[in-house]
Amino acid sequence: MSDRLMLLDTASLYFRAFYGVPDRVKAPDGSSVNAVRGLLDIVAKLVTLYRPTQIVACWDDAWRPQWRVDRIPSYKAHRLISSDAGEIEDVPEALVQQVPLIRQALTAVGIPIVGVADHEADDVIGTLSTRSAIPVDIVTGDRDLFQLVDDARDVRVVYTAKGMSNLEIVTDTVVVAKYGILPSQYADFATMRGDASDGLPGVKGVGEKSAATLLQAHGDLRGVREAAASGTLSAAVTARFAAASDYLDVAPAVVQVVRDLDVTAPDAPVRALDPAQADAAEQLAAQWNLGTSMSRALSALAGA
C-alpha cells in the first residue's frame, strides 16, 4: 500500500453528519450526539474505502477571517446572526454544543486537529496539500477546493456534496469535464462566476459558461481583464468587467486558498491505538453514548 495523506474539511463533514443522522440517540444527559456519531461513521467509511496512511482533521480557527471580510464585506455575511456575543455564525444550537465533543472524539481516535489563527480550514488544507511529499485526498463538500486538484502531484478531492453513499473522486479530468477549465484556473473561474453561498457577487452577467469561455481564450483572470481593457472583448463584456473592477481587484485574494501558512504537518499515521488510548476512547464513548460509531472508527483505523 502506497502512502497517502487524507485531509478532512472537518466542519463540512460534521455539518453533513448533523443534518444526515437522525437525532434519536442521545447522550445519558440528554445531549444531542448525532453529529459526533455521524462524523465517526464518516471517518470509518473514508478510511475503509481510501486506505490513507496519514489523516489530519483541518479546522476553521476563523470561519470568516477578518482579512477576507476587509476585502469583501459581504463575504459569508448572510450566515451571521446577532447574539449577546455580537454577530456569530448561524449554526443550530444542537450542533454548536457538539463541537467540543467532536474535537474530543477526533483526538480520542488518534486524528490530530490542525487550525491556524484567522484562517479557514481551506487554507490549512491548501498549505498541507501543497507541501505534502506524498499523494493527498482532500475530503470536502466545498467546490472551492477543486483549485487544489493536481494530477501531476496526485492531489485529488473526495467530494461529498452528493452524499456519503455517492462520493466522487475529483481529478483534473473531472474538473475539465464539469467546467471546461483546469483546476489551476478554478479560483479565477469562481471569482468571475461569483458564489451566493459565500457572499461573492462575481461579475454581473458572467456565469459559469461565459467564465469558462473567457478563461479558455485568455488563460487567467489577468489575461481576461487585459483583453477587456484593450477592447478585444465585446463592448458588453468589456462594460461588465469595467463595472466589476473594484471587486476584481480584491476578490482573488479572498477566493484563492492560502498555500503558505506557518504550520507544520503533524505526525498523523493511521494506526491502532495503544491500550491506554483505546481505554480512554472507550470511556469517552460510554460517557457520551457514542457506541458502535466509536467502535467502527477504531476498527477502521486499526485495520488500515
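Candidates in region 263-301 are the residues that are in contact with a helix residue (DSSP H, G or I) (Cβ under 8 Å, 6 or more places away or on another chain) and outside any helix (DSSP H, G or I); of these, the one that is farthest from T127 (Cα to Cα) is L290.
This table checks each residue for (1) in contact with a helix residue (DSSP H, G or I) (Cβ under 9 Å, 6 or more places away or on another chain); (2) free of Cβ contacts under 8 Å to residues at least 60 places away in the same chain; (3) surrounded by 18 or more Cβ atoms within 10 Å (Cβ to Cβ); (4) farther than 21 Å from I72 by Cα.
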site	(1), (2), (3), (4)
F189	yes, yes, yes, no
L214	yes, yes, yes, yes
G219	yes, yes, no, yes
R225	yes, yes, yes, no
A229	yes, yes, no, yes
A236	no, yes, no, yes
L248	yes, yes, yes, no
A251	yes, no, yes, no
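Can you tell me which residue within region 116-160, out of those that are touching an Asp or Glu at 6+ places or on another chain (Cβ under 8 Å), part of a helix (DSSP H, G or I) and touching a residue at least 40 places away in the same chain (Cβ under 8 Å), is surrounded by the fewest Cβ atoms within 10 Å (Cβ to Cβ)? Within region 116-160, the match that is surrounded by the fewest Cβ atoms within 10 Å (Cβ to Cβ) is T130. The helices (runs of 4 or more DSSP H) located wholly in region 1-75 that include 1 or more residues which are acidic (D, E), under 23 Å from T292 (Cα atoms) and more than 13 Å from the chain's Cα centre (by Cα) occupy 34-50.
Any idea how many residues of region 253-262 are assigned to a helix (DSSP H, G or I) and surrounded by fewer than 19 Cβ atoms within 10 Å (Cβ to Cβ)? Of the residues in that region, 1 qualify.
Assigned by TED's automatic domain parsing to the domain that holds P52, closer than 30 Å to G30 by Cα, among the β-branched types (V, I, T) and modelled with pLDDT under 95: which single residue out of V99, V109, V91 fits that description?
On inspection, the qualifying residue turns out to be V91.
A quick yes/no check of all residues on (1) under 24 Å from G163 (Cα atoms); (2) exposed (fewer than 14 other Cβ atoms within 10 Å of the Cβ):
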position: L5; (1), (2): yes, no
position: A17; (1), (2): yes, no
position: V25; (1), (2): yes, no
position: L39; (1), (2): yes, no
position: P52; (1), (2): yes, no
position: C58; (1), (2): yes, no
position: D61; (1), (2): no, no
position: D70; (1), (2): no, yes
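In region 243-277, what residues are at pLDDT below 95 and among the small types (G, A, S)? Correct list: A265, A268, A272.
The values are calculated or read from the model by the stated rules, or taken from the named source; none is laboratory data. No experiment lies behind these values; they were computed from the predicted model shown. Quick reminder, even Gly has a Cβ in these numbers, built from the backbone with ideal geometry, and neighbours come from all protein chains shown.
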